[in-house]
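Encoded as C-alpha cells, the structure appears first; notes follow it.
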Amino acid sequence: MRTRAAVAVAAGKPLEIMEVNLDDPKEGEVLIEIKATGICHTDEFTLSGADPEGIFPSILGHEGAGVVVKCGPGVKTLKPGDHVIPLYTPECRECPSCLSRKTNLCTAIRATQGQGLMPDGTTRFSMLDGTPIYHYMGCSTFAQHTVLPEIALAKVREDAPFDKICYIGCGVTTGVGAVLNTANVEAGAKAVVFGLGGIGLNVIQGLKLAGADMIIGVDLNDDKKEWGERFGMTHFINPKSLPEGTSVVQAIVDMTKTPFDKIGGADYSFDCTGNVKVMRDALECTHRGWGQSIIIGVAPAGAVIETRPFQLVTGRVWKGTAFGGARGRTDVPKIVDWYMDGKIEIDPMITHILPLERINEGFDLMHAGKSIRAVVVF
Ligand code: NAD
Ligand code: AHE
Ligand code: ZN
C-alpha cells in the first residue's frame, strides 16, 4: 500500500512529507493506522545526528497510538479494530530478560530494531522509487500507517482519546515509571528533577503520586517554574540565577538540610536533560549514604559521565532507566486506565496539536522551549 509519512532524509535536515510504499505485515507482524503521535526529544536527538544508532532515510517517531488494520500470519493476541500503543521496548515474555523479572529491557528484537529493520532483517517502508526507508526504534509513528511486531504493541481500551494516550507511548510512562518502578520513591521523600520538559513534568507527577514531600525542579528556562508547580513541584532553581559562587549542588544540599540532618542532600534525583554535566550534579546533590540518582536523559554519541568514585563509596547510587522500567504490554494498558480514571494528568501537557504537514513546527517549538508536547494528528 501507499501511505503518508514525514521522512528523515538526512541528519540535521527538516523532515520531508511524502507518499511512501508500505509492505504487508509478515509473520508475527501487524499493520497499524497511526491516529496521533507525540514528538519526543529523542526524535530530535536522532534527527540532529547525535544518535550513534541514527540511520537515514528513516521514519522517526516512537510515541504513537492507533488502530490495528491487518494482522500478519501467526498473530494471536490482536485483531483488526483493536486500539494499540506501539512499544519501543517490546515485551515478548519469553526471552532471558523478560523471564528474569529483573528488567523491562526485552531483548527479543533489539538487534534488528537498532539497525532500523524488522525482526526478519528487512524494512517494510520504501520510497516510491524503491529506495528502502529504515524503521526507527521499531515504531516509526511519523507515518499514517506503520508495521510493528505483535510483541511491540500494547492493546488498550477503546474509549481513550488517541491524541492524549499517544504520550503514554513514551513521555508519561518514562517519567512516572522512573519514579514508581526504577527509584521506588517512598512517601515523604525529598527529590530533585533536572529538566522540566515532557519527561521531567511526568517525573514530578510520579513523585506527587508517590507522596514525595519536597520536589525541587531545576531548569534553565524560567517559564518552566509555573509548569512544574502545576504538577506538584515545591521549589524551583534556575542555575543561571544562583548567587555567584553557589553551585546547583550546594543550593540543593542547603535546601534539604534540617536542624536534625545537617548533612543535607536529596533522597532521589532524576536527570531529564541528557546533559552529562547535569547528570554529575544530579548524582552529587543526593544524600551521602543513600541518595539515588536516576539517569533518564539520552546523551550524544561519545559523551561520558564522570564523578569521583568517592561519591559512590559514600553510598550514592547511580542508576538509569529506559521507558520508566515499564513492561509495555502489561503496564501500558494500566497507565491508560490511570489517565482515564483521573489518577494522572495528560491534557495540559499537550500544548500543541499539528497536522502531519506541520510536523517540523513541532521540532521548532521544542527548540524554542515553547512546547511541552506537540502532538501530530492524522
Ligand atoms: P524536552 O526538550 O521537552 O525538555 C528538556 C528540558 O531540559 C527543557 O525544559 C530544557 O530547558 C531543560 N534543560 C536543558 N538543559 C538543561 C540544563 N543544563 N539544566 C537544566 N535544565 C536543562 O525533552 P524531553 O522530551 O523531556 O526529554 C528529556 C530527555 O529525556 C531527552 O534527553 C530525551 O532523549 C530523554 N528521554 C529518555 C527516555 C528513556 O527512556 N530513558 C525516554 C524519553 C526521553
Ligand atoms: N540510540 C541511542 C540510545 C537511545 C536510548 O537510550 N533510548 C532509550 C529510549 S529514549 C525514548 O525517548 C532506550 O529505550 N534505551 C534502551 C535501548 O535498548 O535502546 C544510543 O546511544 O545508541
Ligand atoms: Zn521518547
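The values are calculated or read from the model by the stated rules, or taken from the named source; none is laboratory data. Given the structure is predicted, the values throughout are model-derived calculations rather than measurements. Virtual Cβ from ideal backbone geometry, glycine too; neighbours counted across all protein chains shown.
Can you name the residue in segment 119-173 that is surrounded by fewer than 20 Cβ atoms within 10 Å (Cβ to Cβ) and closer than 26 Å to residue 205 by Cα and, of all such residues, is nearest to ligand 1 (Cβ to nearest atom)?
Restricting to residues being surrounded by fewer than 20 Cβ atoms within 10 Å (Cβ to Cβ) and closer than 26 Å to residue 205 by Cα, the top hit is 163.
Evaluate the following for residue 342: is it on the phi > 0 side of the Ramachandran plot and away from ligand 1 (no atom under 12 Å from the Cβ)?
Considered against the rule, which asks whether it is on the phi > 0 side of the Ramachandran plot and away from ligand 1 (no atom under 12 Å from the Cβ), residue 342 comes out as yes.
When only residues in segment 69-104 that are of a type in the set (S, T, N, Q) and within 23 Å of residue 36 (Cβ to Cβ) count, which is surrounded by the fewest Cβ atoms within 10 Å (Cβ to Cβ)?
Result: 77.
List the residue pairs whose Cβ atoms are under 7 Å apart, where the first residue sits in segment 137-155 and is assigned by TED's automatic domain parsing to the domain that holds residue 61, the second is among the charged types (D, E, K, R) and within 15 Å of ligand 3 (Cβ to nearest atom), and the two are 6 or more positions apart or on different chains.
141/63
For segment 23-125, list the helices (runs of 4 or more DSSP H) that sit wholly inside it and hold at least 1 residues that are within 16 Å of ligand 3 (Cβ to nearest atom); which are they? Spell out the reasoning first.
Working: elements: 41-48, 96-100, 110-114.
So the answer is 41-48, 110-114.
Inspect segment 196-205 for any residue being of a type outside the set (D, E, K, R), assigned to a strand (DSSP E or B), touching a residue at least 24 places away in the same chain (Cβ under 8 Å) and under 23 Å from residue 275 (Cα atoms) and give the result as yes or no. Give the derivation first.
Taking segment 196-205 first, the residues of a type outside the set (D, E, K, R) are 196-205.
Cutting the leftovers down to assigned to a strand (DSSP E or B) gives us none.
For segment 196-205, residues of a type outside the set (D, E, K, R), assigned to a strand (DSSP E or B), touching a residue at least 24 places away in the same chain (Cβ under 8 Å) and under 23 Å from residue 275 (Cα atoms): absent.
One residue is enough: does segment 55-68 have a residue meeting the conditions over 23 Å from residue 132 (Cβ atoms) and among the charged types (D, E, K, R)?
yes
Among what's in segment 166-200 and is under 18 Å from residue 43 (Cα atoms) and among the aliphatic types (A, V, I, L, M), pick the residue that is farthest from ligand 3 (Cβ to nearest atom). Break it down stepwise before answering.
First, the residues of segment 166-200 that are under 18 Å from residue 43 (Cα atoms): 166-175, 195-200.
Retained after the next criterion (residues that are among the aliphatic types (A, V, I, L, M)): 168, 172, 196, 199.
Working: 168: 11, 172: 10, 196: 16, 199: 8 Å.
By that ranking, first place goes to 196.
What are the residues in segment 173-196 that are among the hydrophobic types (A, V, I, L, M, F, W, C) and within 12 Å of ligand 2 (Cβ to nearest atom), if any? First the steps, then the outcome.
Going through segment 173-196, the residues among the hydrophobic types (A, V, I, L, M, F, W, C) turn out to be 176, 178-180, 183, 185, 187, 189, 191-194, 196.
178, the sole residue that qualifies.
Out of curiosity, is residue 324 under 22 Å from residue 168 (Cβ atoms), modelled with pLDDT of 95 or more and part of a helix (DSSP H, G or I)? Let's see the steps before the verdict.
Details: under 22 Å from residue 168 (Cβ atoms): yes; modelled with pLDDT of 95 or more: yes; part of a helix (DSSP H, G or I): yes.
Taking the combined requirement at face value, the residue satisfies it.
Taking only pairs six or more apart or across chains, which ones have beta-carbon atoms under 9 Å, a first residue in segment 254-277 that is within 22 Å of residue 305 (Cβ to Cβ), and a second residue that is surrounded by fewer than 24 Cβ atoms within 10 Å (Cβ to Cβ) and of a type in the set (Phe, Trp, Tyr)?
265/290; 267/290; 274/45
Residue check: is residue 317 closer than 19 Å to residue 103 by Cα and not acidic (Asp, Glu)?
Details: closer than 19 Å to residue 103 by Cα: yes; not acidic (Asp, Glu): yes.
Yes: the conditions hold for residue 317.
Taking the residues in segment 323-332 that are buried (at least 17 other Cβ atoms within 10 Å of the Cβ) and not basic (Lys, Arg) as candidates, determine which candidate is nearest to residue 137 (Cα to Cα).
323
Quick test of your reading of the structure: residue 191 fulfils all but one of (1) surrounded by 24 or more Cβ atoms within 10 Å (Cβ to Cβ); (2) farther than 23 Å from residue 284 by Cα; (3) in contact with a Phe, Trp or Tyr (Cβ under 6 Å, 6 or more places away or on another chain). Name the failing condition by number.
Failing condition for residue 191: (2).
Within segment 32-50, can you find the residues that are within 11 Å of ligand 1 (Cβ to nearest atom) and more than 22 Å from residue 172 (Cα to Cα)?
Hits for segment 32-50 are 48, 50.
Filter segment 153-172 for residues that are more than 16 Å from ligand 2 (Cβ to nearest atom), in a helix (DSSP H, G or I) and touching an Asp or Glu at 6+ places or on another chain (Cβ under 9 Å) and give the result.
164
Among the residues of segment 197-240, count how many are within 16 Å of ligand 2 (Cβ to nearest atom) and β-branched (Val, Ile, Thr).
2
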